[in-house]
Structures are given as C-alpha cells and as structure tokens.
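Reading through the structure tokens given below for one structure.
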Amino acid sequence: MSRAEILDELKKVLTPYTENKEMLAGITEETDLIKDLKINSANLVDIIIDAESQYNIEIDFDSAEKMFSVGNCIDVIADKVNHSA
C-alpha cells in the first residue's frame, strides 16, 4: 500500500472528526491533526480505533503517541500494514 493510498484512506477516517473541512481537503504530510484540523485529543483515540479497523492492524501506545501529524500517521500505518502482511 503506497503513502498516497494511505493518505486517501486517512482522509476518510479523519473527516467525521475534523472541524476545519477546508483544511482537510488540502492535507499534506505536514498537516497537524490538532493545530490544523482542529481535532480534539479525545477524538484522536477514535481516529486510532478507526484506523485499526480500516487497515486491520493494531496500533500500540508508543505508536499512537507518534500520530500527531498526517505524515506520522502514514508512517505508523504503513509500518503496521507492512509488518502484518
């Protein structure tokens, strides 16, 4: 699964939790989930759960702590997907 494919899927996961829909349309790997997309910290847990379900992976606590930007989320998801394949 490529980074671009993960980004497209991640947009779908983030949509229900994002207040700033205009920013979501143009997210990049540098986009910060809390500062740019205005996702509150409680919803970050929901996003991790949704990502686990979407990709059929398990995201451990240490990995979850790294998921503060879109690029970091892609790194974690790609690593987990590639190791579970």
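The values are calculated or read from the model by the stated rules, or taken from the named source; none is laboratory data. Treat the numbers as computed from the prediction; the structure is a model and nothing was measured. Cβ atoms come from the backbone with ideal geometry, glycine included; neighbour counts cover every protein chain shown. Quick note on the areas: whole protein, heavy atoms, side chains included, nothing else; ligands and nucleic acids left out. Shrake-Rupley method; radii C 1.70, N 1.55, O 1.52, S 1.80 Å.
General observations
- Nonlocal amide H pairs with Glu29, under 5 Å, H built at 1.01 Å: none
- The Cβ shell under 13 Å around Asp50 holds other residues with a net charge of -1, Lys and Arg each +1, Asp and Glu each -1.
- The stretch 30-85: GluC sites (Glu not before Pro) falling in loop per DSSP and having at most 15 other Cβ within 10 Å: Glu30, Glu58
- Arg3-Glu19 pseudo-label distance in nm [points 7 Å out on the Cα-to-Cβ vector]: 2.9 nm
- Carbon/sulfur fraction of accessible area - the stretch 1-81, other protein chains in place, 1.4 Å, %: 51 percent
- By accessible area with a 1.4 Å probe, ligands and nucleic acids excluded, highest first: order of Thr18, Thr28: Thr28, Thr18
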